[in-house]
Amino acid sequence: MREAKVTLHNSARVAIIGGGPAGSFFGIFASKLARDMGKTLDLTIYERKSFFTHGATGCNMCAGVISESLVQTLALEGINLPSNVVQWGIESYFFHTLDGSVEIKSSRLRQRGIATVFRGSGPAGSLAKGIQSFDEFLIEKAMEHGVCVNRSFIDKVCMEGDKPKLYSAGNMLQECDLLVGAFGIKGSTGKMYEDIITGYKVPPTIKTAQSEIELGSDWVVRRFGHSIHIFLLRIPGIKFVSVIPKGDYITVSVLGKDPKSDHIRAFLDHTAMKKFLPSGFKIPEKFCHCFPKISVGAARKPFATRAAFVGDASSTRLYKDGIGSAYITAKAAAHTALLHGIEEKDFRGYYFPTCKFLNRDNLFGRLLFAANNFISIVSPISRSYFNIVQGEQKNLGENTPYSDILWDMFTGSRFYKDIFMRTLHPSFIMYLLSAIVIYPLKKTFYSFRNR
């Protein structure tokens with residue numbers, strides 16, 4: 001006799017472990033789709049952290065940049081970001097190297113641009129700033145859709161028997177029909193699920209360094225404007241640094257090999273950064289900083305019967321748009337669970353292709369960032385590329401392929417494969433090669449003529 005298919009029946013209990021964007025998005029999409037199908041679900045997000053808390057304890061430790069494509073997509077979903085959540089609107093990117101700086105704007109940027117947010121309620125000491133956490137805003141949206149929030153810490157999950165069982169401090173809290181892992185890349189939590197879900201392996205990670213520096217909104221407007229600043233300065237141990245304006249603060253995000261607080265201090269003390277800081281600025285002895293991990297690979301087998309992993313616990317885009325990846329994977333998992341079923345074969349057939357798409361796209365991302373790193377350290381190529389970009393920025397109404405590649409890479413507004421394929425266009429390659437040859441010749445000519 002054929003066994004009955006395992007599906008989410010009416011009033012099925014769904015436990016979502018983690019209240020970051022991936023968990024909230026899953027709750028919102030599952031609730032909306034269930035309602036459209038005439039079902040009700042008992043959805044609960046388990047999140048111990050309070051995002052109302054200031055400083056590192058209330059923060060999910062992220063640079064907090066929401067791409068223009070995600071801002072627009074969320075608006076279409078009815079999720080409009082309020083002004084106390086959006087700390088700054090971004091209109092351009094500045095790229096700074098030892099050979100100079102260039103500002104890049106996109107001709108595609110329309111009414112809804114890039115937004116910067118705090119994942120918690122702001123840095124330590126920002127109590128009076130009126131900052132609302134982006135993560136708490138999404139949890140409230142999930143609650144509006146009927147999702148419950150439980151502040152217990154899940155320290156044990158038992159997969160024995162037919163359904164997952166959740167425990168906290170020795171007490172069983174719930175037996176659920178579906179377990180959704182949206183816990184990010186927390187090492188101890190991930191290890192717990194590796195032990196109970198056959199074949200699951202958390203994604204590989206690297207450490208980043210991040211700090212919030214208070215400069216006052218007037219100074220931030222005057223020196224940083226509505227721009228994210230990318231610094232490619234060849235500082236030992238640092239690949240690049242992003243400086244992200246957020247109201248009274250700037251977020252300094254360092255990507256490198258095992259970055260520490262000393263790397264943050266070295267960057268703030270660099271001459272290229274000093275000109276953006278107030279005269280006499282001294283790096284505080286104590287400042288709000290953290291060392292979050294980011295995923296640089298994919299989880300292995302992020303699903304099982306009655307279990308699925310989403311967001312950073314599954315697949316995410318390389319270096320960029322982690323919130324966008326949470327949206328993509330959460331929506332795909334929710335649709336799979338409601339429309340197809342919650343058996344391992346269902347997730348493998350309908351959810352896993354979304355994960356594999358992101359994973360394959362990251363291969364192109366690695367090539368792009370490797371090429372960008374090479375260009376930034378080879379002065380003739382770097383100067384030539386920036387020279388081309390500066391020329392494009394004077395005529396934004398026209399075609400701007402070189403500017404668009406940098407824009408799309410660092411904003412996360414396009415998939416890496418699309419960007420990479422554009423770099424292979426013969427006209428793109430030939431024009432860049434000609435610029436590399438012509439630039440030093442022109443420089444030599446003008447130097448000779450001005451003698």
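Values in this text are rule-based calculations from the coordinates and carry no lab data. Note that the coordinates shown come from a computational prediction; the quantities given were computed from them, not determined experimentally. No Cβ is skipped: glycine too gets one built from the backbone with ideal geometry, and neighbour counts run over all protein chains shown.
How would W219, W407, W88 line up from fewest to most surrounding beta-carbon atoms within 10 angstrom?
Details: W219 16, W407 23, W88 26.
Taking fewest neighbouring Cβ atoms as first place, the list is W219, W407, W88.
Scanning the chain for long hydrophobic helices, with DSSP H runs required to stretch 20 angstrom or more by C-alpha along their axis and to average at least 0.5 on the Kyte-Doolittle scale, returns 322-339, 426-449.
Assuming charge only on the beta carbon of Lys and Arg (+1) and of Asp and Glu (-1), the dipole of region 216-280 about its Cα centre is about 180 debye to the nearest 20. A crude spin-label estimate for the pair C158 and V221, with each label 7 Å from Cα along the Cβ direction, gives 6.0 nm.
Which one, F153, I381, F134, projects farthest toward the positive side of the charge dipole computed for the chain from Cβ point charges (K/R +1, D/E -1)? Of the listed residues, the answer is I381.
Residue exposure proxy: T205, T40, ordered by other Cβ atoms within 10 angstrom of their Cβ from fewest to most, comes out as T40, T205. Basic side chains Lys and Arg get +1 at the Cβ, acidic Asp and Glu get -1 at the Cβ, and with that the dipole of the chain about its Cα centre reaches some 1180 debye. Sparsely packed loop sites in region 281-343 (the trypsin sites (Lys or Arg not before Pro) outside DSSP H, G, I, E and B with at most 14 other Cβ atoms within 10 Å) comprise K282, K286. Each Lys or Arg adds one and each Asp or Glu takes one away; over the other residues whose Cβ falls under 11 Å from the Cβ of L277, this sums to +3. I need to check one value: relative contact order of region 207-290, counting alpha carbon pairs closer than 8 Å and at least 6 residues apart, in percent. Once normalised by length, the contact order is 37 percent.
Please report the equivalent ellipsoid semi-axes of region 314-426, computed as sqrt(5 x eigenvalue) of the Cα gyration tensor, largest first, in whole Å.
Values: eigenvalues 258, 40, 22 Å².
In descending order the semi-axes read 36, 14, 11 Å.
Each stretch of four or more DSSP H residues adds -39500 (n - 2.57); spread over every residue of the chain, this sum gives -12000 deg cm²/dmol at 222 nm.
In terms of other Cβ atoms within 10 Å, T305, T400, T271 run from fewest to most in the order T271, T305, T400.
The distance linking region 398-416 with region 362-383 is 14 Å (Cα centroid to Cα centroid, whole angstrom).
Out of every Cα pair in the chain, what percent are spaced more than 34 Å from each other?
Working: 36695 of 101475 pairs.
Percent of Cα pairs beyond 34 Å in the chain: 36.
Between region 123-192 and region 233-269, the alpha-carbon centres lie 31 Å apart. Among residues other than C158 with Cβ under 10 Å from its Cβ, the summed charge is +1 (Lys and Arg +1, Asp and Glu -1). Note on K274/A4: beta-carbon distance plugged into 1/(1 + (r/R0)^6) with R0 of 51 Å gives a FRET efficiency of 0.15.
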